[in-house]
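Chemist: I have a structure here, written as structure tokens, and I will follow up with some questions on it.
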Amino acid sequence: MGDQQIEVVDAGAIQQVPEPRLEKIRELSIISVDVPEDWKQGGRLMSGLLGINITLLGCALISSGAFYEVAVVEHEVLSFLSVLMGLTGCWMVVYLIWTSRQKNSITLKDSHAGPIWLRGGLALFGICSLVLDLLKIGKSVTLVHCESPLKIIHPVIQGLFIVIQTYFIWVSCRDCVQVHLNMTRCGLMLTLSTNLAVWMAAVTDESLHQSVHEESSTVNQTNNSTRDLRAGGESHGCVCITAICKTFQTGYYYLYPFNIEYSLFASAMAYVMWKNVGRVINQDSHHTHHTFRAPKSVVGLVCGIAVLVTGLGIFIVYEIEVNTEEAKSQALTMFYIFNIVALILMSVSSIIASIIYRFDKRDMDGHKNPTRTLDVALLIGAALGQFCISYFSIVAIVATFPRDLLNYLNLVYSLLMIVQHILQNTFIIEGLHRKPMHDWHQEDHSSVAFHDKDVFNEVYRNPAAAISTDNHNGSNCLNKLDTQSVGIINHCITRDAKTEWKSKVLREVSLFLLLSNIIFWIMPAFGARPQFDNGLELRFYGYPMWVAVVNIGLPFGIFYRMHAVASLLEVYVMS
């Protein structure tokens with residue numbers, strides 16, 4: 001069943017559904033198509049309320065645990081997360097064992113869910129998260145004289161949870177479960193809530209580490225300061241002294257971005273699985289194959305690599321020089337100029353691709369697709385984080401009437417951030433809703449009527465027969481056709497050339513934007529904070545307010561870039 005109406009399925013798909021579920025589908029399909037959905041009868045509602053309550057509880061505990069003056073201490077937060085991961089891991093093991101014994105419980109698959117590049121990204125981020133857990137264990141072992149044993153137990157549980165969950169999602173992300181619907185929905189919502197809680201804990205830990213680092217360089221704190229943040233999960237009176245302990249601590253801070261992205265990827269895929277519980281799909285008409293081929297888009301590849309490599313070099317120089325007063329202004333100017341140039345190129349590329357879509361005759365893909373719906377919602381929602389930071393910066397800059405070059409660059413940078421997000425979202429969302437170029441091309445060819453079917457088959461099995469430069473060989477084919485048929489073939493060949501040209505431009509733009517978004521993910525994810533380094537917004541809004549704005553908006557902005565990479569890869573494959 002779909003979200004708003006019953007999907008029409010063929011006999012082959014219905015035969016694969018277990019008998020109890022099949023009887024219900026037949027009964028509902030005979031009575032009416034406008035029947036109440038499962039969630040209105042309590043299925044989705046119950047699991048949704050479970051997920052909301054767990055997420056809100058985790059948000060309250062993790063947020064309050066970031067401050068010493070609050071009664072909640074870190075041990076309670078770690079215990080809560082460990083229990084959540086333990087329960088979720090046990091449920092996933094039970095699910096895997098249960099499905100392996102009941103082969104008929106899952107016979108329908110959503111071909112759009114869990115593409116190989118998304119699962120590959122999840123596995124890559126999972127490996128980096130395992131390394132992070134090992135570094136955390138190493139740090140806690142060196143501080144075993146003053147650390148709680150829970151600081152060792154928690155990363156061990158998290159490591160096991162990552163291994164189990166990665167395997168679970170890899171093999172089950174396309175399942176459309178047809179039995180025990182409510183139990184499966186609750187389990188998947190527990191998985192979703194657990195990953196969101198782990199994500200909030202990692203974001204809070206990393207943000208506090210960055211905030212305290214920035215505050216120590218901009219604000220002179222006194223010993224009796226009321227703002228005593230537990231940056232990076234440091235315990236009272238237990239700090240790293242030895243070199244190996246500091247190495248472990250520095251190492252896992254650089255791995256936090258991967259752990260954050262892993263939790264978000266897992267949350268998104270768990271949500272799609274939750275939406276697919278009880279869903280009946282027409283396997284024949286709904287199944288599509290998207291294969292990734294080696295990039296032939298030379299211009300987009302070269303330009304994207306150039307932006308990526310240049311950005312890495314500028315990011316390294318920026319991180320070195322921004323901490324010195326003499327070179328700080330120069331480092332910020334260089335950083336803003338690179339970002340402005342890159343954002344202009346990305347915006348122009350998105351405009352070009354959107355114009356091509358205006359003249360593209362491909363039909364829109366009207367199939368129900370929970371994965372695509374979630375992708376669009378995440379793209380729009382995550383962009384709001386960067387919008388928030390940019391608009392706050394614009395207000396601060398305009399209100400203070402800056403006259404120096406650095407603030408003008410900051411203003412242009414903030415405006416272009418908003419424009420680039422809007423244009424890129426327009427291009428990606430349009431591309432995700434188009435039919436794949438290969439599928440549309442086949443449908444378009446099959447709809448053309450030819451007078452000579454044999455010659456039609458010959459032409460399209462061997463296109464060289466129609467455009468051969470050999471007069472003798474080419475004429476043998478065309479002599480079989482009358483004037484009207486030759487005109488149809490010439491028209492189709494011309495249209496194919498135009499389609500290939502449009503497809504090539506779309507691939508070039510997709511690949512360029514994909515590589516450019518990677519560098520825009522790397523810079524903020526690994527510590528670039530011009531929002532604090534330029535000092536203007538910090539002076540205008542004050543430390544507490546501006547830190548809150550950046551720490552809330554920036555994680556969503558970072559996630560937007562990585563999610564845009566995954567969406568652009570899908571647009572590239574479909575083009």
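The values are calculated or read from the model by the stated rules, or taken from the named source; none is laboratory data. Nothing here was measured: the structure is a model prediction, and the numbers come from that model. No Cβ is skipped: glycine too gets one built from the backbone with ideal geometry, and neighbour counts run over all protein chains shown. Note: accessible area is taken over every heavy atom of the protein model, side chains too, but ligands, DNA and RNA are not part of it. Shrake-Rupley method; radii C 1.70, N 1.55, O 1.52, S 1.80 Å.
Chemist: Residues Val509, Val505: which one is more than 21 Å from Asn407 (Cα to Cα), in contact (Cβ under 8 Å) with a residue 60 or more places away in the chain and buried (at least 22 other Cβ atoms within 10 Å of the Cβ)? I'd like the intermediate steps shown before the answer.
Modeler: Working: Val505 fails: buried (at least 22 other Cβ atoms within 10 Å of the Cβ).
Exactly one of Val509, Val505 is more than 21 Å from Asn407 (Cα to Cα), in contact (Cβ under 8 Å) with a residue 60 or more places away in the chain and buried (at least 22 other Cβ atoms within 10 Å of the Cβ), namely Val509.
Chemist: State whether the residues of the stretch 401-418 include one that is under 16 Å from Val509 (Cα atoms) and either part of a helix (DSSP H, G or I) or open to solvent by less than 50 Å² (accessible area, probe 1.4 Å) (or both).
Modeler: There is no residue in the stretch 401-418 that is under 16 Å from Val509 (Cα atoms) and either part of a helix (DSSP H, G or I) or open to solvent by less than 50 Å² (accessible area, probe 1.4 Å) (or both).
Chemist: Let me ask something additional. Hey, can you tell me all the residues within the stretch 548-561 that are under 11 Å from the mean Cα position of the chain (by Cα) and either at positive phi or open to solvent by 20 Å² or more (accessible area, probe 1.4 Å) (or both)?
Modeler: If the condition is that a residue be under 11 Å from the mean Cα position of the chain (by Cα) and either at positive phi or open to solvent by 20 Å² or more (accessible area, probe 1.4 Å) (or both), then Phe556, Ile558 are the ones that fit.
Chemist: Which one is modelled with the highest pLDDT among residues in the stretch 138-151 that are open to solvent by 50 Å² or more (accessible area, probe 1.4 Å) and of a type in the set (A, V, I, L, M)?
Modeler: Step one: list which residues in the stretch 138-151 are open to solvent by 50 Å² or more (accessible area, probe 1.4 Å), which gives 141, 144-146, 149.
Applying the additional criterion that residues be of a type in the set (A, V, I, L, M) yields 141, 144.
Working: Val141: 86, Val144: 81.
Filtering the stretch 138-151 for residues that are open to solvent by 50 Å² or more (accessible area, probe 1.4 Å) and of a type in the set (A, V, I, L, M), the one modelled with the highest pLDDT comes out as Val141.
Chemist: Going by what's in this entry, would Leu192 be described as of a type outside the set (Ser, Thr, Tyr), at pLDDT 90 or above, more than 24 Å from Val141 (Cβ to Cβ) and open to solvent by 10 Å² or more (accessible area, probe 1.4 Å)?
Modeler: So Leu192 passes the test.
Chemist: Enumerate the helices (runs of 4 or more DSSP H) found wholly within the stretch 248-363, keeping only those where 1 or more residues are modelled with pLDDT of 90 or more and among the aromatic types (Phe, Trp, Tyr).
Modeler: Passing ranges, in order: 298-321, 325-358.
Chemist: Please count how many residues of the stretch 166-189 are buried (at least 23 other Cβ atoms within 10 Å of the Cβ) and in contact with a Lys or Arg (Cβ under 6 Å, 6 or more places away or on another chain).
Modeler: 1
Chemist: Continuing with this model, one more query. Based on this model, can you work out whether Ser105 counts as modelled with pLDDT under 75, open to solvent by less than 30 Å² (accessible area, probe 1.4 Å) and either over 18 Å from Ser207 (Cβ atoms) or among the aromatic types (Phe, Trp, Tyr) (or both)?
Modeler: Numbers: modelled with pLDDT under 75: yes; open to solvent by less than 30 Å² (accessible area, probe 1.4 Å): yes; either over 18 Å from Ser207 (Cβ atoms) or among the aromatic types (Phe, Trp, Tyr) (or both): yes.
Taking the combined requirement at face value, the residue satisfies it.
Chemist: Of everything in the stretch 311-327, what is among the charged types (D, E, K, R), surrounded by fewer than 17 Cβ atoms within 10 Å (Cβ to Cβ) and without any contact (Cβ under 8 Å) to a residue 12 or more places away in the chain? Give them in sequence order.
Modeler: Matches in the stretch 311-327: Glu325, Glu326.
Chemist: Among Leu332, Leu374, which is in contact with a helix residue (DSSP H, G or I) (Cβ under 7 Å, 6 or more places away or on another chain), more than 30 Å from Asp175 (Cα to Cα) and either open to solvent by less than 30 Å² (accessible area, probe 1.4 Å) or without any contact (Cβ under 8 Å) to a residue 60 or more places away in the chain (or both)?
Modeler: Leu332
Chemist: For the stretch 108-122, give me the residue count where each residue is at pLDDT 85 or above and loosely packed, with under 15 Cβ neighbours inside 10 Å.
Modeler: The total comes to 1.
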